[in-house]
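Quick note: the coordinates plus some simple rules give every number you see, no bench work behind them. All of these numbers come straight from a predicted model, not from anything done at the bench. Every residue, glycine as well, gets a Cβ built from its backbone with ideal geometry; the counts of neighbours run over all protein chains shown.
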Amino acid sequence: MIYKGSCHCGAVKFEVETDLKVIKQCNCSICKRKYAKMGIEEKSKLKITEGENNLSIYKFGTEVAKHYFCKTCGIYTHHGTRSRPNYIGINIGCLENIDPFEFESEIVDYK
């Protein structure tokens, strides 16, 4: 299924093709603080449809994982994963008509 999503202010919009079968929460230092549930999908399944120039990147530690967020509202939309370079984590709280509180998630231990 193709889901539409956006940051809080709507400056960044995207589409992602996913079945939302793999929902995870990471316990690394940044993900622990943002506490977002993420759908894991192949990079090729994500398409930024609006506002790509409004995305900023935050990297830390090994600087392999890239965490993308809106420059205007600060909402994290997605990130490139450190352990699986061809995959991304999509913040399911940014998807239209999805309630992230309805999803169970596996904790990914990066300690």
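Among the listed pairs Lys24/Lys59; Lys34/Lys59; Lys32/Lys66; Lys4/Lys32; Lys21/Lys71; Lys13/Lys47, those with a Cα-Cα distance over 18 Å are Lys24/Lys59; Lys4/Lys32; Lys21/Lys71.
Farthest towards the positive end of the charge dipole of region 5-71, among the residues Cys9, Leu55, Ala36, is the Cα of Ala36, using unit charges on the Cβ of Lys, Arg, Asp and Glu.
In plain terms, the chain is cut at each of the GluC sites (Glu not before Pro) found in a DSSP loop with at most 10 other Cβ atoms within 10 Å, and the longest leftover piece is 1-62.
The Cβ shell under 9 Å around Ala65 holds other residues with a net charge of +2, Lys and Arg each +1, Asp and Glu each -1.
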